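To keep things clear, I will list the structure first and then write my remarks on it.
The values are calculated or read from the model by the stated rules, or taken from the named source; none is laboratory data. Just so you know, these numbers come straight off a predicted model, no measurement behind them. A quick note on method: Cβ atoms are made from the backbone with ideal geometry, for glycine too, and the neighbour counts reach across all protein chains shown. The accessibility values were calculated without ligands, DNA or RNA, using every heavy atom of the protein model including side chains. Shrake-Rupley method; radii C 1.70, N 1.55, O 1.52, S 1.80 Å.
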Amino acid sequence: MKNNRMTLQDIADLAGLNKMTVSRYLRDPNQVSQRSRAIISKIMEENNYIPNRAPEILLNARSKTFGVLIPSFRNLIFADVLAGIESVTSVRQYQTLIANYEYDPEREEREVLTLLSYNIDGLILTGRQHTARMVQYVRASGIPVAELMDLTENPIDIQIGFDNEKAAFEMTQAFIESGKRAIAYFGSMDDPRDISRFRGTETALAAHGLRPVHFAPKSISSITLGRQMFQQVMRERPETDAIFCTNDDLAVGVLLECLSQQRNVPGDIAIAGFHGLEIGRARLEKIASVVTPRYDIGKVAAELLMQRLSGKDTPQSVNLGYQIYYGDTL
């Protein structure tokens, strides 16, 4: 029978096993012996069998699916987060439904409601700016929820991330210690993480009687945007001697424009980015950056959701920290 109309009993008969063993295998292969796993897997492959999981979903059983919301597919940092999530879900035979919302809380609300309609077992959010209605629906669903990339006083459920404000404070301190005084902060979408980093920059400078210049174009970060923002700051604030970017692709754009204008880095202009992306270290001039554990954040989030689903207690907040990389541009 080379079609998907086979029943569990058909598979069991071909495998020489009982139907209950096949059913346990489909729920979780680790529930049956290695020998049974090999036999069942071989028969399913030979007969092109695809399990129909609709009945168990309708019966309110586990869907073995996580919903994942990311702000944008165009932002490089979330590829590592997704890889970390996948490193756990693939081993546990879980699927992920991934949606993006382009940093729009109203769109995030719509996407989350759609994901909830698929009876997902858990939800991963990469941000903390949500509509009240979305939070209400998520809490009413009763599923575990992980918020990533930041730490806040009132998470919906579980949060995994690092202190954006503290990281920006430390990087700004490094600028100041290198002798820089006229520091510009380049944001992008002006989302809560951007704002936290600016607040850290502002606090560090205030301790020395200084104030930062804040540029926030409300556009997704890119190399091109970094070049454009540098051109703007040189027109409007030519005394600027350091630029702190909310993402490394902006910092690469700033560096390229500095080189194009034959400006000395870091003598005339010091540059730092955020996240420690590979693109920031691809040139001979390695860009200073706050290195964030994006892969581990995704991995830990998926692991904690799995623990919660198995009935285990989990911490409400996990701080995975960051590292300051000084590179060649600071």
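When a 1.4 Å probe is rolled over the protein heavy atoms, the share of accessible surface on region 59-139 that falls to carbon and sulfur comes to 48 percent. Remark: spin-label model distance H208-T114 equals 4.7 nm, labels positioned 7 Å along the Cα→Cβ axis. Plainly put, region 252-323 has a radius of gyration that is 1.25 times its Kirkwood radius, both from alpha-carbon atoms, as the Rg/Rh ratio. Under a 10 Å cutoff between Cα atoms, tell me which one of R37, R227, R107 has the largest fluctuation in the Gaussian network model of the chain. Ranking R37, R227, R107 by mean-square fluctuation puts R37 first. Solvent-accessible surface of the chain, averaged per residue with a 1.4 angstrom probe and all protein chains in place: 48 square angstrom. Of K64/K312; K19/K299; K64/K299; K42/K312; K166/K312, which ones are farther than 26 Å apart at the Cα? Too far apart for the 26 Å limit: K19/K299; K42/K312; K166/K312. Apolar share of the accessible surface for region 267-330: 46 percent from carbon plus sulfur atoms, 1.4 Å probe.
Using R0 = 41 Å, the C-beta based FRET efficiency linking T7 and K218 works out to 0.15. Label separation (Q231 vs R107): 2.6 nm, computed from points 7 Å beyond Cα along the C-beta direction. A cut-off under 13 angstrom between Cβ atoms defines the neighbours of L116, and their net charge, with Lys, Arg +1 and Asp, Glu -1, is -1.
The label-point distance for D163 and Q95, in a model that sets each label 7 Å from Cα toward Cβ, rounds to 4.2 nm. Taking every DSSP helix (H) stretch of at least 4 residues in the chain, weighting each as -39,500 (n - 2.57) and dividing the sum by the residue count yields a mean residue ellipticity at 222 nm of -13500 deg cm²/dmol.
Please report the net charge: other residues with Cβ closer than 14 Å to the Cβ of L320, K and R +1, D and E -1. Here the charged neighbours net out to -3. Taking amide H as placed 1.01 Å from N in the peptide plane, the amide H of L97 sits under 5 Å from that of F66, G67, V68, each at least 5 places away or on another chain.
For the chain, a crude dipole built from +1 on the beta carbon of Lys and Arg and -1 on the beta carbon of Asp and Glu, taken about the Cα centre, is about 920 debye to the nearest 20. Only sites in a loop by DSSP and with at most 15 other Cβ atoms within 10 Å count here; which GluC sites (Glu not before Pro) in region 57-135 make the cut? In loop regions of region 57-135 (DSSP not H, G, I, E or B), the sparsely surrounded GluC sites (Glu not before Pro) are E102. Note on the chain: with a GNM built from Cα contacts shorter than 10 Å, the maximum mean-square fluctuation among M306, M189, M234 falls on M234. For region 254-297, the relative contact order works out to 30 percent when only alpha carbon pairs closer than 8 Å and six or more residues apart are counted.
Residues in region 141-170 near a label at L320, defined as backbone nitrogen under 16 Å from the 7 Å Cα→Cβ point? The answer is 146-152, 158-164.
Comparing I271, T114, G253 along the charge dipole axis of the chain, the residue lying farthest to the positive side is T114, per the Cβ-charge model. Local charge for A301 was computed over the other residues whose Cβ lies under 14 Å away, with Lys and Arg +1 and Asp and Glu -1, and equals -3. Given R0 = 45 Å, the distance between the Cβ atoms of S87 and N18 translates into a calculated FRET efficiency of 0.85. Name the shape class, rounded, prolate or oblate, that the alpha-carbon gyration tensor gives for region 92-180, where a ≥ b ≥ c are the square roots of its eigenvalues, rounded holds for a/c under 1.5, and otherwise prolate holds if a/b is larger than b/c and oblate otherwise. It comes out prolate by the Cα gyration axes.
Entry note, the chain: relative contact order of 16 percent, from Cα contacts under 8 Å with a spacing of 6+ residues.
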